[in-house]
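Working notes for the structure below.
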Amino acid sequence: MSTISQWQLRAAFAARLSQMYGQEVPAYTTLVDVSREVNEDVLRARGADAERLGSIGRVTAERHGAIRVGTPRELAQVARVFGALGMHPVGFYDLREAAASAVPVVSTAFRPVDGEELARNPFRVFTSLLTPADPRFFTPDLHARLETFLAARVLFPPELLALADRAATERELPRQDAERFLRLGVQAFELSAEPVDRAWYQELERVSAVAADIGGVRSTHINHLTPRVLDIDELYRRMTDRGIEMIDTIQGPPAWKGPDVLLRQTSFKALAEPRTMRLADGSVETGALRVRFGEVEARGIALTREGRALYDGLLGRIDEQALRMSAEARGDIARGVWEQHMPDSEEELAARGLAYFTYVPAEGRPRDGGRPPADLTELVRQGWVRAEPIVYEDFLPRSAAGIFQSNLSGEGTRDNDQEGTAYDAAWLSGAIGLDVLDPYALYARQQTDSLAQVARALDLTDA
Ligand code: OOG
Ligand code: NI
């Protein structure tokens, strides 16, 4: 009997989710179409260089999703569904703390972790967990009612979880079971037609639109799905030309002449979707909620901790100089700061230990009898070894907060006189029942493994 491997399940799940979301949110399909057009144009214009951070096949299929759940129990179940697809929790993001936002969630991202799996299909899902115990957002009374409401709902049917566990253990599923798993899995993330209790939803909305989206309904849904594009500035222009209203900025590093690092993201505003509401007297009416949107992203090189410290420092500088300026003026300031302080070549990023690379022995270097130098920078400079950038596979808390925030209708409320509840990476690991992995350690391992191979290939082990 034929079987479907984990990576095939992951690719199929991403593709079907994309198809489902396109039916639910047609503007998403436009975003995917425009992204594909931009990618084809970039490939034509730049050739092989366009594929330096991932093959065109990978980039075309690449998506990240975002989902939001209410309890540790629900999060642990999500982890089982994604575990079936070879995706593991990586990174901890505390969006309660992000600048100027009031989003009561902590988050992680489920994604493949090793290079080969990422190359096959890098599907990732930014997954947020509500923090109802944080007194800055929720009174004890609301906290208690939220917990009761959340404890009574079932997001994932037992059959889905059983199939997921089997796929995780066996690393594959027989074709028929795979089909069933995919169908139930995608269904679990569809927007439910069940009426929304309007008074309850609105009570939560006064705290935060995200709290209402999570805890105001009895199911979960995909919040957005994000294609990857090779030129996000061009994409932004083309979407705007088509009359689609985008948020006013591209989050993350500015557009500039040097190498792209980390992640640049933008989105179109959440659209009003019809939802059935149940009123206090038991009657129903059709209302509208704005929670789901379309996002797009361009990915750059992964930075080391030192590189990230430089990045965060530069953002701080830009904030100081661009306070209360328009998005456009801020963009110019950002570019200026970048040109002054950010290395403008991959070579310099590598030499200063600011970014991650994999190193591969160069083919076709004449064996002139000379010994390769021991120093890595020299090995690259003299052409013994090629340095290939490692693409950033994760998220940025500040951009995430910006994306959340720019798509919320209300400001929400946060009582800053209260002490926040400590939720950290260790707490989240406990909630999921799996270690939340450190992204830096994953990139570093890829780099170190490649260096070990270089050492073997060039016989440097005793040098
Ligand atoms: C998640 C927002 C974060 C990103 O790309 O940074 C995110 C959400 O809105 O649930 O998806
Ligand atoms: Ni996103």
Among the residues of the range 244-265, what is the count of those that are more than 16 Å from ligand 1 (Cβ to nearest atom) and small (Gly, Ala, Ser)? 2
Let me confirm something: among Thr148, Thr127, Thr60, which residue is more than 16 Å from ligand 1 (Cβ to nearest atom) and within 16 Å of Ala14 (Cβ to Cβ)? Thr60
Taking the residues in the range 223-248 that are modelled with pLDDT of 95 or more and in a loop (DSSP other than H, G, I, E, B) as candidates, determine which candidate is nearest to the chain's Cα centre (by Cα). Val229
Go through the range 192-201 and report how many residues are small (Gly, Ala, Ser) and either outside any helix (DSSP H, G or I) or within 16 Å of ligand 2 (Cβ to nearest atom) (or both). 2
Residues that are under 30 Å from Leu161 (Cβ atoms) and in contact with a helix residue (DSSP H, G or I) (Cβ under 6 Å, 6 or more places away or on another chain): which helices (runs of 4 or more DSSP H) entirely in the range 1-101 hold 2 or more of them? 6-24, 72-84
So is Ala272 more than 30 Å from Ala355 (Cα to Cα) and in a strand (DSSP E or B) or not? yes
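Any residue at all in the range 117-125 that's touching a Gly at 6+ places or on another chain (Cβ under 7 Å) and assigned to a helix (DSSP H, G or I)?
Yes, the range 117-125 contains a residue that is touching a Gly at 6+ places or on another chain (Cβ under 7 Å) and assigned to a helix (DSSP H, G or I).
Residues of the range 102-120 being under 19 Å from Ala441 (Cα atoms) and among the small types (Gly, Ala, Ser), which ones?
Pass one, the range 102-120, residues under 19 Å from Ala441 (Cα atoms): 107-119.
Within the range 102-120, Ser107, Ala109, Gly115, Ala119 qualify.
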Give the range 202-222 a look and list any residue that's in a helix (DSSP H, G or I) and without any contact (Cβ under 8 Å) to a residue 24 or more places away in the chain, or say none. Gln202, Ala212
In the list Glu339, Glu306, which residue meets the criterion of being surrounded by fewer than 17 Cβ atoms within 10 Å (Cβ to Cβ), within 23 Å of the chain's Cα centre (by Cα) and touching a residue at least 24 places away in the same chain (Cβ under 8 Å)? Glu306
Give the residue that is farthest from Pro389 (Cα to Cα), with candidates limited to residues of the range 417-447 that are among the small types (Gly, Ala, Ser) and under 19 Å from the mean Cα position of the chain (by Cα). Ser429
Kindly indicate whether Ala431 is in contact with a helix residue (DSSP H, G or I) (Cβ under 9 Å, 6 or more places away or on another chain) and more than 17 Å from Val210 (Cβ to Cβ). yes
Working only within the range 229-276, note down all residues that are closer than 25 Å to Ala350 by Cβ and either in the same structural domain as Phe404 (by TED's automatic domain parsing) or away from ligand 2 (no atom under 16 Å from the Cβ) (or both). Leu230, Asp231, Pro253, Pro254, Ala255, Trp256, Lys257, Gly258, Pro259, Asp260, Val261
Near pairs, Cβ below 8 angstrom, 6+ apart or cross-chain, from the range 170-191 (touching a residue at least 60 places away in the same chain (Cβ under 8 Å)) to any residue that is in a helix (DSSP H, G or I) and of a type in the set (D, E, K, R): Leu173/Arg166; Leu182/Arg16; Val186/Arg16; Glu190/Glu24; Leu191/Glu24
Selected residue (criterion: surrounded by the most Cβ atoms within 10 Å (Cβ to Cβ)) from residues of the range 198-210 that are at pLDDT 95 or above and either within 21 Å of Thr71 (Cβ to Cβ) or within 14 Å of ligand 1 (Cβ to nearest atom) (or both): Leu204
Inspect the range 321-331 for any residue being within 14 Å of Gly258 (Cα to Cα), touching a residue at least 12 places away in the same chain (Cβ under 8 Å) and in the same structural domain as Gly307 (by TED's automatic domain parsing) and give the result as yes or no. no
Those residues of the range 130-151 which are in contact (Cβ under 8 Å) with a residue 24 or more places away in the chain and in a loop (DSSP other than H, G, I, E, B), in sequence order: Thr131, Pro132, Ala133, Asp134, Pro135, Arg136, Phe137, Phe138
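The values are calculated or read from the model by the stated rules, or taken from the named source; none is laboratory data. Everything numeric here is computed off the predicted structure, so don't read it as measured data. Cβ atoms come from the backbone with ideal geometry, glycine included; neighbour counts cover every protein chain shown.
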